[in-house]
Amino acid sequence: MDTSNPAVFVNGELLHMHVGRRVRAVIQVIQSDNVGVTGKSTDGLQVVVKGILPSFALTNFVEVIGISDGDRSIRAEMWNNFGNTFDTDNYNQLCKLANGEFKHLFI
Amino acid sequence: MPVNLTPNAIAAINGGDVNSKPLVQVMDIKLIGSTQERYRFLISDSVSTQHAMLATQLNDRVKSGRVKKGSVVQLIDYICSTVQNRKIIVVLNMETIILDCEPIGNPKMFTESESTTQKATPNSNIEHPVRVNNYNTPIRGSFNPQNPGTFNTQNPGSFSNQNPGSFTTSNSGTFRASNPSTFWAPNSGNNVQGFRPTVQPPYQPPPNYRNHGPILKNEAPARIIPIAALNPYQGRWAIKARVTAKGDLRRYNNARGDGKVFSFDLLDSDGGEIRVTCFNAVVDRFYDIIEVGRVYLISKGSLKPAQKNFNHLKNEWEIFLEATSTVDLCPEEDASIPRQQFSFRPISEIENAENNSILDVIGIVISVNPSVPILRKNGMETQRRILNLKDTSGKSVELTLWGDFCNKEGQKLQEMVDVGFFPVLAVKAGKVNDFNGKTIGTISSTQLFINPDFPEARDLREWFDQGGKNAATVSITREIMAGGSKNEIRKTVSQIKSEGLGRAEKPDWVTVRAFITFIKSDNFCYTACPLMIGDRQCNKKVTQAGNRWQCDRCNQEFDECDYRYLLQAQIQDQTGLTWVTAFQESGEEILGCPAKELYMLKYELQDDIRFGEIIRSRVFNQYLFRLKIKEELYGDEQRVKITVIKAEQLNYSSESRYLLDLISKSQRK
Ligand SMILES: [Zn+2]
């Protein structure tokens with residue numbers, strides 16, 4: 001893991017807290033075309049991802065690492081397929097812990 | 001049957017919601033697009049309309065008449081995109097709910113300014129209850145047809161002033177729509193909608209309002225605003241709301257002297273709720289006027305941050321009435337203001353609810369335990385009564401009644417269950433407790449409704465009577481732990497030694513999450529007697545006698561013997577490593593194939609490569625091991641024997657849930 005360039009775990013709600021910073025989010029892909037990917041964040045919000053688009057077919061759930069572009073939008077740098085089933089509740093809890101009381105434990 | 005479109009669906013979608021799967025009406029359909037055929041809908045949520053493009057794969061629905069002008073549809077997958085600086089909804093998947101329907105409401109074109117004042121808050125998100133932002137109007141109601149959520153009841157009936165908890169619905173009236181702003185007039189015909197235009201434009205002072213000089217005096221009567229728009233920076237305001245609960249008059253004695261205080265809760269026609277508190281002389285003015293169920297016009301008072309420890313209403317402010325405040329009873333009943341507002345959670349969702357969160361739940365009472373006296377920490381005695389609720393989510397939960405609830409509602413419920421009747425119980429403002437899985441307990445502001453008359457209750461009743469009674473349910477109480485076993489005791493590998501497990505008279509049963517790090521591949525199984533003794537297999541080790549097998553215990557010979565695991569393995573977690581023994585079933589769980597198959601591979605086929613592959617494929621897998629630990633005498637030596645009773649491949653999802661639960665518990669300490 002590249003610790004010099006950390007990416008904060010975020011859900012849709014938390015994106016605006018990190019505008020301009022590197023974030024990571026798992027989204028459920030709703031629509032994907034040559035302009036970008038629209039998906040649902042782990043807290044059920046619409047998130048639009050543009051920037052570097054994936055060169056491979058996306059699974060239902062994907063992790064996207066990139067720069068928070070403000071409300072509900074990410075400029076992607078890296079994509080990871082997370083498969084077709086994923087426990088979004090757990091991930092959402094993790095996002096909250098990583099931005100809340102246990103922030104200090106996360107880079 | 002009247003249909004209610006999902007309130008504020010359009011504003012919510014513009015605010016980023018992709019989750020609520022709302023019901024909307026198609027007001028118009030237009031074929032557009034020069035190169036490609038595309039359909040554009042005008043959709044309505046009964047308050048607003050907006051254009052929505054249909055994904056081309058849905059074109060056929062229009063062509064074949066499966067959706068037409070007037071149809072009520074449920075949007076399944078949809079997004080909101082900006083095209084030429086205009087927001088447009090793109091419908092990717094939908095279902096037609098009602099093909100032909102008269103126009104509902106009197107919707108206006110949705111405008112961007114509204115969208116900035118609407119904060120989309122999907123109600124499926126337990127952890128973020130609808131937060132009422134001071135400068136925004138909250139979304140009014142968040143009804144989710146897939147996930148029965150909030151609604152309001154109209155006539156819950158009597159309320160005892162003495163005890164805010166004893167609110168029963170002996171005389172409940174008709175249920176009304178989920179959306180307070182699109183209520184049907186209660187006595188109107190089915191198709192006549194009592195449509196009320198959207199409330200006043202959302203109140204929107206700039207955040208730096210206070211720096212803009214003094215507020216001009218205006219002696220005209222204050223405008224009635226929604227409770228949700230109340231904020232401390234308003235000079236004059238009035239609200240019209242129903243009292244949903246009235247607290248006891250309490251006397252206090254603190255450093256500043258003696259005094260008295262009482263509070264009551266308000267609900268308005270937009271679903272906004274707020275607590276009102278009065279002190280001392282103000283108590284004398286208003287205590288007797290306030291009656292639960294009545295509607296009042298309230299003006300002048302100061303807004304202070306709500307004390308979240310005691311006040312669980314969805315509002316960050318609380319009203320403090322002052323000498324100049326006015327509280328006027330509205331003599332005429334205002335049917336647009338609901339009697340109560342619920343936001344029921346399915347029991348399955350409570351499994352993931354945060355500890356100490358306050359929520360509403362409705363279920364069938366399937367068992368009631370007797371009331372027992374409990375000594376409180378402060379030495380006072382109180383009553384406790386535990387009952388079990390189940391709902392259509394396939395889960396059940398323990399509800400703990402405290403104090404007066406035990407003898408009033410609790411007694412009534414017990415009498416019903418004792419004669420074989422299982423009542424519906426709605427719990428308003430129960431508190432989630434995560435001791436032993438998840439349980440719900442009453443608090444002083446909890447209200448219980450036995451067999452209330454609203455759709456949620458009727459649906460439950462119907463479900464229960466038509467088979468739900470016999471449907472298997474999993475309790476989220478005590479059984480939430482990963483592995484699913486009751487009273488599971490989690491230990492680390494090093495704790496087995498450091499806590500001296502197995503040294504007591506009885507064996508210790510513990511659960512350990514660990515990796516298999518080594519499997520002894522010699523003598524991993526033994527030849528066992530396949531004969532039955534009563535209803536059990538003999539399983540004694542047999543010896544070969546010529547071409548046949550012989551059991552000393554059974555004193556018999558047979559052609560084929562059984563092969564059973566007797567597996568020695570090492571398991572390891574972050575704290576240490578230990579040897580364990582696994583017999584037949586758990587051995588098979590660890591190796592993923594029967595002992596006989598592995599025996600044949602190694603000793604008959606002598607396929608060491610394949611055999612090695614199987615062993616290696618199981619090593620470094622993580623399992624939840626249920627272990628039996630007991631010290632045994634081997635010759636002169638006492639040795640702790642650890643037996644694997646069950647080896648379950650780790651389920652990362654449920655294990656994460658277990659760990660999150662552990663984190664929230666450690667936070668409490
Ligand atoms: Zn035998």
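The values are calculated or read from the model by the stated rules, or taken from the named source; none is laboratory data. What you are looking at is a predicted structure, and each value in this text was computed from that prediction instead of being measured. Here the Cβ positions follow ideal geometry from the backbone for every residue, glycine too, while neighbour counts run over all protein chains shown.
Applying the selection to segment B:449-465, what residues are hydrophobic (A, V, I, L, M, F, W, C), under 18 Å from the mean Cα position of the chain (by Cα) and closer than 28 Å to B:N311 by Cβ?
Answer for segment B:449-465, where residues must be hydrophobic (A, V, I, L, M, F, W, C), under 18 Å from the mean Cα position of the chain (by Cα) and closer than 28 Å to B:N311 by Cβ: just B:A457.
B:T277 versus (1) within 31 Å of the chain's Cα centre (by Cα); (2) modelled with pLDDT of 90 or more; (3) surrounded by 22 or more Cβ atoms within 10 Å (Cβ to Cβ): which is the lone unmet condition?
(3)
For segment B:239-301, please list each of the strands (runs of 3 or more DSSP E) lying entirely inside it that holds at least 1 residues being touching a helix residue (DSSP H, G or I) at 6+ places or on another chain (Cβ under 6 Å).
Result: B:257-267, B:273-279.
Can you run down the residue pairs with Cβ atoms below 7 Å, 6 or more apart or on separate chains, where the first is in segment A:43-57 and more than 15 Å from A:G12 (Cα to Cα) and more than 8 Å from chain B (Cβ to nearest Cβ) and the partner is assigned to a strand (DSSP E or B) and among the acidic types (D, E)?
Correct list of pairs: A:G51/A:E77; A:I52/A:E77.
Pull out all pairs, ordered by first then second residue, where Cβ-Cβ is under 6 Å, the residues are six or more apart or on different chains, the first lies in segment B:520-534 and is under 17 Å from B:R618 (Cβ atoms), and the second is more than 16 Å from the ligand (Cβ to nearest atom) and β-branched (V, I, T).
B:S521/B:I615
Out of all the residues in segment B:319-367, which are within 14 Å of chain A (Cβ to nearest Cβ) and among the aliphatic types (A, V, I, L, M)?
B:I350, B:A353
Find all pairs meeting these conditions: Cβ atoms under 7 angstrom apart; at least six residues apart or on different chains; first residue within segment B:550-564 and within 18 Å of B:F583 (Cβ to Cβ) and at pLDDT below 90; second residue within 11 Å of the ligand (Cβ to nearest atom) and in a loop (DSSP other than H, G, I, E, B).
B:R553/B:C529; B:R553/B:C538; B:R553/B:K540
Among the residues of segment A:81-103, is any within 21 Å of B:Y652 (Cβ to Cβ), at the interface with chain B (Cβ under 10 Å from one of its Cβ atoms), among the polar types (S, T, N, Q) and surrounded by fewer than 15 Cβ atoms within 10 Å (Cβ to Cβ)?
Yes, because at least one residue in segment A:81-103 is within 21 Å of B:Y652 (Cβ to Cβ), at the interface with chain B (Cβ under 10 Å from one of its Cβ atoms), among the polar types (S, T, N, Q) and surrounded by fewer than 15 Cβ atoms within 10 Å (Cβ to Cβ).
Can you name the condition, by its number, that A:D71 falls short on among (1) in contact with a helix residue (DSSP H, G or I) (Cβ under 6 Å, 6 or more places away or on another chain); (2) within 25 Å of B:N651 (Cβ to Cβ)?
Going through (1) in contact with a helix residue (DSSP H, G or I) (Cβ under 6 Å, 6 or more places away or on another chain); (2) within 25 Å of B:N651 (Cβ to Cβ) one by one, A:D71 breaks only (2).
Quick check on segment B:540-563: of everything there that is more than 12 Å from the ligand (Cβ to nearest atom) and of a type outside the set (F, W, Y), which residue is nearest to the other protein chains (Cβ to nearest Cβ)?
Out of the qualifying residues, it is B:E560.
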